[in-house]
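Trainee: Input: one structure, supplied below.
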Amino acid sequence: MSGINKVFKFGGASVKDAAAVRNLAYIVSSRVDENILLVVSAMGKTTNLLEKILAEYRRCDGAPGPDVLRPLVDYHQGIMSGLFPDLFHPVYEAVSRLVDELRSKLEDREPDYDRQYDQTVCYGELISTTIVSAYLESRGIPSVWLDARKYVVTDRVFRAAGVDWDETARRIKPLNAAYKPGGVFVVQGFIGGTADGIDSTTLGREGSDYTAAIFANCLDAGEVTIWKDVSGLLNADPKRFTDTVKIPRISYSEAIELAFYGATIIHPKTIKPLQNKNIRLKVQSFLDPSSDPTVIDGSEDARSFSREAPVPSYIVKDRQVLVSISPRDYSFMNEHNLQIVFATCDELHIHANMMQTSALMLSICFDYDEAKLKGLMSRLSERFSVKYNIGLQLFTVRHYRSEGPTPTEEEFLRRKNIIVKQGSRSTLQYVLEPLLI
């Protein structure tokens with residue numbers, strides 16, 4: 001078979017150290033005849049580190065102390081030394097050049113934080129894929145490194161860029177003809193670039209899943225696998241809940257619902273490009289690659305399983321803000337007033353995780369962002385009374401029991417003040433304020 005058949009996405013945890021990169025190479029080597037394109041994230045918590053470095057550069061007006069980049073350099077040097085004992089291997093010089101480019105971007109006195117964020121944070125993925133590609137080559141797996149910024153073409157909405165699908169497809173499709181069986185393409189997740197090549201952009205945090213879906217769609221691949229440190233798609237975060245259950249198979253629509261409500265194992269934008277071309281999505285463990293994955297597709301079996309045997313899912317979003325908006329003239333919160341509020345949220349790129357309306361009030365729960373909250377209050381305060389609570393949690397129960405809460409729900413709700421509760425036929429949501437003990 002010619003062209004790319006499968007897209008594998010490896011997140012930060014799957015390349016966090018030298019042992020993890022070796023494990024990635026083992027997985028790829030056992031499947032290299034399946035015509036693979038790899039989408040790889042920044043290593044470990046590199047994105048978080050780059051955010052801190054950027055903040056320090058901006059605080060010091062582009063001239064911080066000489067050791068600000070040292071943790072980033074030492075971390076990647078440690079991984080490389082575990083993979084490439086020969087310190088004269090070309091990968092060391094390649095990564096050094098990327099660090100020099102990063103330093104130059106950080107020193108740039110760019111007034112727009114979001115724009116500078118995208119020009120600098122992208123280097124986490126650029127460095128990671130450079131190391132991974134070089135290691136695959138060293139293990140006898142022909143590897144072609146691709147710069148995602150030249151393929152995923154976006155607008156200039158920095159930190160949440162929108163994809164130009166026509167131009168992106170035009171650039172990605174020729175990769176099928178360029179692919180040589182027995183090798184792999186390696187490309188960065190999370191990042192893109194403007195059509196003129198001037199600016200780097202990012203697709204939103206955890207956007208590497210979306211990148212995998214973009215490439216799969218444009219290449220007409222048959223399958224995408226997201227490699228995780230869990231056994232598949234679970235009904236709750238095992239770090240927060242005990243007795244989690246693996247969901248063996250679900251439909252595209254159910255996966256979209258879970259992602260929309262905040263299930264972090266799948267990026268919310270991932271499903272649509274796959275569903276449009278009926279591309280199967282698997283969630284599989286890189287710790288146990290022989291285990292059965294969760295399968296997400298449009299088959300009747302998946303739809304039937306989602307419909308007839310749904311597993312209750314528990315999703316928690318922290319750092320939420322609840323904003324309550326009422327017309328100052330005590331008029332109804334009618335369609336005209338709603339239009340004003342929603343248009344303002346759209347302009348500020350505020351995504352509502354939950355909404356509740358009454359005759360005189362609209363309440364919106366969204367991820368806390370100080371700048372967006374201040375912008376919303378500033379734009380609405382003349383016409384509306386705006387109040388807010390911060391430090392909240394949004395707890396969503398998908399496929400809740402009509403007869404009452406499960407022990408899992410009761411345990412999570414304990415020692416919390418319920419500010420808002422609302423439900424539909426299949427979904428129950430709580431906005432919660434943790435009580436100080």
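Trainee: Would you report the distance distribution of C-alpha pairs in the range 293-437 as whole percents per 5 angstrom bin, up to the bin with the largest distance?
Mentor: 2, 8, 17, 17, 16, 14, 11, 9, 4, 2, 0, 0
Trainee: Give the lysines whose C-alpha is closer than 17 Å to that of K16, dropping any in the same chain fewer than 8 places away, or say none.
Mentor: List returned: K45, K228.
Trainee: Taking 2.2 N^0.38 Å as the expected size of a compact globular protein, what ratio does the Cα radius of gyration of the range 101-166 give against it, to two decimals? Show your work: numbers first, answer last.
Mentor: Working: Rg = 14.7 Å, N = 66, 2.2 N^0.38 = 10.8 Å.
In units of the globular-protein estimate, the range 101-166 measures up at 1.36.
Trainee: Could I ask something else about it? From the helices alone, meaning DSSP H stretches of at least four residues, give me the mean residue ellipticity at 222 nm for the chain, per-run term -39500 (n - 2.57), in deg cm²/dmol to the nearest 500. Mind showing how you got there, number by number?
Mentor: Details: 15 runs with 163 residues, N = 437.
It lands at -11000 deg cm²/dmol.
Trainee: So what does R22 come to for accessible area, using a 1.4 Å probe and Å² rounded to 10?
Mentor: Its heavy atoms expose roughly 100 Å² to the probe.
Trainee: Let me see the pair-distance distribution of the range 303-369: every alpha carbon pair, 10 Å bin width, integer percents in order.
Mentor: 17, 38, 23, 18, 3
Trainee: What do you get for GluC sites (Glu not before Pro) in the range 318-422 restricted to DSSP loop and a cutoff of at most 15 other Cβ within 10 Å of the site's Cβ?
Mentor: Numbers: sites: E335, E347, E370, E382, E403, E409, E410, E411; in loops: E382, E403.
Sites meeting the loop and neighbour criteria: E382, E403.
Trainee: Using 0.36 nm per residue of separation minus the Cα-Cα distance, give me the extension gain between E101 and R307 in nm, one decimal. Don't skip to the end; give the middle numbers.
Mentor: Details: separation 206, 0.36 × 206 = 74.16 nm, distance 5.11 nm.
Full extension from E101 to R307 adds 69.1 nm.
Trainee: Subtract the Cα-Cα distance of K180 and K52 from 0.36 nm times their separation in residues, and report this length gain in nm to one decimal.
Mentor: Working: separation 128, 0.36 × 128 = 46.08 nm, distance 4.00 nm.
Gain on stretching K180 to K52: 42.1 nm.
Trainee: Hey, another quick one. Can you pull the accessible area of T202 for me, 1.4 Å probe, Å² to the nearest 10?
Mentor: 0
Trainee: Where Rh is the Kirkwood radius over the Cα pairs of the chain, the temperature 20 °C and the viscosity 1.002 mPa s, what D in µm²/s does Stokes-Einstein return? Kindly include the intermediate steps, with their values, before the conclusion.
Mentor: Working: Rh = 23.4 Å.
Roughly 92 µm²/s, to the nearest whole number.
Trainee: Measuring with a 1.4 Å probe in the full set of protein chains, what accessible area per residue, in whole Å², belongs to the range 137-198? Show your work: numbers first, answer last.
Mentor: Numbers: 2940 Å² over 62 residues.
Averaged over the residues of the range 137-198, the accessible area is 47 Å².
Trainee: A further question on this structure: Computing the accessible area with a 1.4 Å probe over protein heavy atoms, can you report the carbon and sulfur percentage for the chain?
Mentor: Values: 10270 of 20480 Å².
With neighbouring chains kept in place, the figure for the chain is 50 percent.
Trainee: Related question: Antiparallel DSSP bridges in the chain: what percent, to the nearest 5?
Mentor: Looking only at bridges with both residues in the chain, the antiparallel portion is about 60 percent.
Trainee: Can you tell me which aspartates and glutamates have their Cα less than 15 Å from the Cα of K180? Leave out same-chain residues fewer than eight positions away.
Mentor: Qualifying aspartates and glutamates at Cα under 15 Å: D33, E34, E137.
Trainee: From the cross-link list K317/K416; K150/K282; K173/K269; K269/K416; K317/K421, which pairs have alpha carbons spaced over 23 Å apart? Don't skip to the answer; put the middle values down first.
Mentor: Details: K317/K416 14 Å; K150/K282 27 Å; K173/K269 21 Å; K269/K416 31 Å; K317/K421 15 Å.
In this structure, K150/K282; K269/K416 exceed 23 Å between Cα atoms.
Trainee: With every protein chain left in place, what is the accessible area per residue of the range 280-367 in square angstrom, probe 1.4 Å? Numbers along the way, then the final one.
Mentor: On the way: 4430 Å² over 88 residues.
For the range 280-367, the per-residue accessible area is 50 Å².
Trainee: Taking the Cα centroid of the range 61-139 and of the range 370-437, what is the distance between the two, rounded to the nearest whole Å?
Mentor: First find each Cα centre; the distance between them is then 40 Å.
The values are calculated or read from the model by the stated rules, or taken from the named source; none is laboratory data. Bear in mind that the values here come from a model prediction, so they are computed numbers and not experimental data. When we count neighbours, we look across all protein chains shown, and the Cβ atoms used for this are built from the backbone with ideal geometry, even at glycine. Ligands, DNA and RNA are excluded from the accessible area calculation, which covers all protein heavy atoms including side chains. Shrake-Rupley method; radii C 1.70, N 1.55, O 1.52, S 1.80 Å.
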